Amino acid sequence: MPTPTTATPAATTGTKATTGPSGPVTHTVLADTPVGPLTLVAHGEALSGLYMTDQRHRPPQETFGTPADTDEPPFAVAIAQLRAYFRGELTTFDLPFALHGTPFQRRVWAALRTIPYGETISYGQLAARLGAPNASRAVGLANGRNPIGIIVPCHRVVGANGSLTGYGGGLDRKRRLLTFERAADGLFPPDDCA
């Protein structure tokens with residue numbers, strides 16, 4: 001298995017998060033992933049959404065804008081990095097994205113990006129990292145509203161006792177993503193890994 005790496009595409013110097021829309025809203029679908037079809041949404045050249053089929057808090061399809069080709073920015077970079085991630089070759093995403101939410105939600109989503117690949121923390125630990133140790137419920141709610149699943153790794157947050165609690169994409173997907181990230185062989189677990 002190739003050694004997992006961190007992506008650094010030539011077009012970016014680091015993950016860029018913006019807070020406001022810039023450019024037209026477009027979308028495309030990456031159909032063949034181990035967790036099912038993923039709808040990618042962009043504001044201009046920044047990724048603003050990654051949604052799974054039947055995802056809780058998935059915005060209405062009509063808000064995703066016009067269809068775009070998979071080779072247009074930022075979709076080409078996002079798709080290449082997602083494919084490398086699912087092959088076990090990539091542990092950190094590096095692409096321009098725009099997170100649209102409240103200031104608190106954006107703080108939570110920024111903290112999610114600091115959770116290392118293959119590791120988990122509890123909602124309470126994440127709240128403590130944010131300097132709000134009594135806000136684990138609010139952290140959980142913000143985590144559930146994460147608009148860019150997988151890339152902003154909300155699947156790495158678990159209950160205080162390590163249990164898999166809540167995930168917008170469903171607990172089976174959360175279990176499969178965590179099993180995959182912890183596996184030494186870099187192989188994505190089959191659908192029946194429960």
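The values are calculated or read from the model by the stated rules, or taken from the named source; none is laboratory data. Model, not experiment: these values are computed from the prediction. Note that each Cβ is placed from the backbone with ideal geometry, even for glycine, and that neighbours are counted across all protein chains shown. Please note that ligands, DNA and RNA were not included when accessible areas were found on the heavy atoms of the full protein model with its side chains. Shrake-Rupley method; radii C 1.70, N 1.55, O 1.52, S 1.80 Å.
Summary of values
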item	result
The chain: calculated mean residue ellipticity at 222 nm from DSSP helix runs of at least 4, using -39500 (n - 2.57)	-7500 deg cm²/dmol
Long-range amide H partners of Ser122 with built H, under 5 Å	Val158
Tensor-based shape of region 52-194 (alpha-carbon gyration tensor, a/c under 1.5 rounded, otherwise prolate or oblate)	oblate
Where a label projected 7 Å from the Cα of Ala128 along Cα→Cβ would reach, residues of region 148-172 with amide N under 17 Å	157-163
Signed unit charges on C-beta, dipole axis of the chain, positive-most listed residue Ala84, Gly124, Ala110	Gly124
Whole-percent carbon and sulfur share, accessible surface of the chain, 1.4 Å	55 percent
Peptides ranked, highest mean first, by Cβ atoms within 10 Å: ranges 119-128, 179-188	119-128, 179-188
Whole-number accessible area per residue in Å² for the chain, which is evaluated in the context of all protein chains at 1.4 Å	47 Å²
Phi-based couplings in Hz for region 34-51 (Karplus 6.51, -1.76, 1.60; Gly and Pro marked x)	x, 10, x, x, 10, 8, 9, 10, 9, 10, x, 9, 10, 5, 10, x, 9, 10
Environment charge at Gly166 (Cβ cut-off 10 Å; Lys +1, Arg +1, Asp -1, Glu -1)	+2
Spacing of the two label points (7 Å from each Cα toward its C-beta) at Ala184 and Thr114, in nm	3.1 nm
